[in-house]
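Novice: Let me begin by handing over the structure; questions about it come next.
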Amino acid sequence: MRTIRFMLVAALAASTVTTVACGGGKKATTAPAAEKSLYDRLGGKDAITAVVGLFLGNVVADTRINARFANADAKGLQTKLVDQICMATGGPCKYEGKDMKTAHTGMKISEEEFGAMVEDLVKALETAKVGEKEKTELLGALGGMKGDIVGQ
Ligand code: HEM
């Protein structure tokens, strides 16, 4: 009887240890879910294409900067912007256009014009109901290009 009670206690203890060990093991192997890329959180290429469409619509209607685009290849620019944003946010695209300095050299784009364009993008992101976090991250990524675009 004593032996049986001892075996029961031992079995119980062993199962507790196993449970704890398994629980501990599980915790150790379950890394916190990696945050999705900004590309995924924006909704992928279709969502980015929709935002760029809204954005270029705003630019064309914006009398502060639309004259700049009078001779632009609108379709080509749209494709390049989609690829650029897709790539910059961690998506599977490859931007094949010019680097920002080369693309804007000779244009002497002012701070005000850059600001106007950012406003047009913000409006597009708001129309598309892009979340606050994603909006801030995307604007941060594009803001980093400012030095290569303004005053060149
Ligand atoms: C973060 C801001 C900006 C980004 C990401 C951007 C991006 C681009 C890209 C990807 C191109 C195409 C380059 C190529 O042809 O290979 C381009 C061209 C151009 N950008 Fe920008 N740009 C920005 C700001 C501006 C601003 C503020 C202006 C003027 C107000 C401007 C005016 C132009 C013009 C006129 C072209 C040439 C379009 C054409 O001839 O087809 N950009 N930009």
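Values quoted throughout were computed directly from the atomic coordinates according to the rules given, and no laboratory measurement underlies them. Just so it is clear, the model here is predicted, and its values are computed rather than measured. For neighbour counting, all protein chains shown are included, and Cβ atoms are generated from backbone atoms with ideal geometry for every residue, glycine included.
Novice: Need the full-extension length gain, residue 119 to residue 107, defined as separation in residues times 0.36 nm minus the C-alpha distance. One decimal, nm.
Specialist: So the extension gain works out to 2.4 nm.
Novice: Could you work out how far apart the two model spin labels at residue 77 and residue 47 are, taking each label as a point 7 Å from the Cα in the direction of the beta carbon, and quote it in nm?
Specialist: Output for this residue pair reads 2.6 nm.
Novice: Could you sort out which of 36/101; 36/123; 36/135; 75/108; 36/75; 98/129 sit more than 20 Å apart by Cα distance in this structure?
Specialist: 36/101; 36/123; 75/108; 36/75; 98/129
Novice: Can you tell me how much longer the chain between residue 68 and residue 35 gets when fully stretched, taken as 0.36 nm per residue apart minus their C-alpha distance, in nm with one decimal? Show your work: numbers first, answer last.
Specialist: On the way: separation 33, 0.36 × 33 = 11.88 nm, distance 3.82 nm.
Full extension of this stretch gives 8.1 nm more.
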